[in-house]
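The values are calculated or read from the model by the stated rules, or taken from the named source; none is laboratory data. Only a predicted model underlies this, so the values are computations on that prediction, with no experimental measurement involved. Methodologically, a virtual Cβ is constructed for each residue, glycine included, from the backbone with ideal geometry; neighbour enumeration extends over all protein chains shown. Surface areas here come from the heavy atoms of the whole protein model, side chains and all, with no ligands, DNA or RNA. Shrake-Rupley method; radii C 1.70, N 1.55, O 1.52, S 1.80 Å.
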Amino acid sequence: SIREEKDFYCCDIVDCKSLYAKLGIDPKTRISASRIAAAIGMSVWDTEIEMADEVLGYPLAQRAEKVMIAAQKGIEREPRAIKIYEIMTGNKTKSAPFAIPKWNLRIGGAGDSLVSDDIMLEIKSPDRMYTSIEIYEKFKREHPEAAKANEELQNYDHIQSTHFVQMMVCMAIYKRKYADYFVYVEPAKKVFLQRIVFNEKKWQEIYEKIL
């Protein structure tokens, strides 16, 4: 169902087309949170040109089939990841709606779940743990004080830029202060959880590139 909240319009993910129609938005002119990194040149998967081709409806010759397969696996694993997250943290989650902010109808996004008025949840379900996170976890074990200082400085270099941008966009839309970044590697039965703090300065840098 389509709803209007204080800061955004929203709906269940299956009703996106109806929401676009109600707001008079051409879907080809908008960018989702998961694709904004590509649009501003910060994606590990796509270039700005490939993003433009997608918006214009051109075939994506460069887009690897494995990316689409990985996305499908993520969707299939997500319910199990949420259950494990809830057991680990004691938090209860609820489905996050697809939302379009009133301050810019060209963008929109859907987090994986909402945890509280301050926290959202973003899940990634790769076949193996990201190398950058494995390096980061080794660094935490060997240099705990330095790692703690890093976190206090909100240094998230170990998180893929695509994921970081997506979380910043969704936090800005949902008006959340934090995003719990949960990486669930089902084949290896490994998880990684870190709370990401919304950074207004970094968000403004991202947003200025969108405009």
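Considering only residues in segment 1-19 that are within 13 Å of Lys102 (Cα to Cα) and over 21 Å from the mean Cα position of the chain (by Cα), the one that is surrounded by the most Cβ atoms within 10 Å (Cβ to Cβ) turns out to be Arg3. Listed by first and then second residue, the pairs linking a residue in segment 5-32 that is within 12 Å of Gly108 (Cα to Cα) to a residue that is of a type in the set (Phe, Trp, Tyr), with Cβ atoms under 6 Å apart and 6 or more places separating them unless they lie on different chains, are Cys11/Phe98; Ile13/Phe98; Cys16/Phe98; Pro27/Tyr20. Residue check: Trp103 meets all listed conditions (1) more than 17 Å from the chain's Cα centre (by Cα); (2) surrounded by 14 or more Cβ atoms within 10 Å (Cβ to Cβ) but one, namely (2). Return yes or no: is Trp203 open to solvent by 20 Å² or more (accessible area, probe 1.4 Å), touching a residue at least 24 places away in the same chain (Cβ under 8 Å) and aromatic (Phe, Trp, Tyr)? For Trp203, the condition - open to solvent by 20 Å² or more (accessible area, probe 1.4 Å), touching a residue at least 24 places away in the same chain (Cβ under 8 Å) and aromatic (Phe, Trp, Tyr) - is not met. Listed conditions (1) of a type outside the set (A, V, I, L, M); (2) at positive phi; (3) touching a residue at least 24 places away in the same chain (Cβ under 8 Å) are all met by Pro187, apart from (2).
Output the residues belonging to segment 180-189 that are in a strand (DSSP E or B) and farther than 13 Å from Thr131 by Cβ.
Filtering segment 180-189 down to residues in a strand (DSSP E or B) leaves 180-185.
Correct list: Asp180, Tyr181, Phe182, Tyr184.
Screening Phe139 with (1) within 21 Å of Gln160 (Cβ to Cβ); (2) touching a residue at least 12 places away in the same chain (Cβ under 8 Å) gives one miss only, at (2). Among the numbered criteria (1) out of contact with any helix residue (DSSP H, G or I) (no Cβ under 7 Å at 6 or more places or on another chain); (2) surrounded by 15 or more Cβ atoms within 10 Å (Cβ to Cβ); (3) farther than 29 Å from Ile31 by Cβ; (4) not basic (Lys, Arg), which one does Ala146 miss? Just one mismatch for Ala146, condition (2).
Quick one: which helices (runs of 4 or more DSSP H) lie wholly within segment 1-81 and hold at least 3 residues that are at pLDDT 70 or above and small (Gly, Ala, Ser)? It comes to 33-39.
Table: residues versus (1) closer than 19 Å to Val197 by Cβ; (2) assigned to a helix (DSSP H, G or I).
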residue: Tyr85; (1), (2): yes, yes
residue: Ala99; (1), (2): no, no
residue: Asn104; (1), (2): no, no
residue: Asp127; (1), (2): no, no
residue: Ile135; (1), (2): no, yes
residue: Lys138; (1), (2): no, yes
residue: Ala149; (1), (2): yes, yes
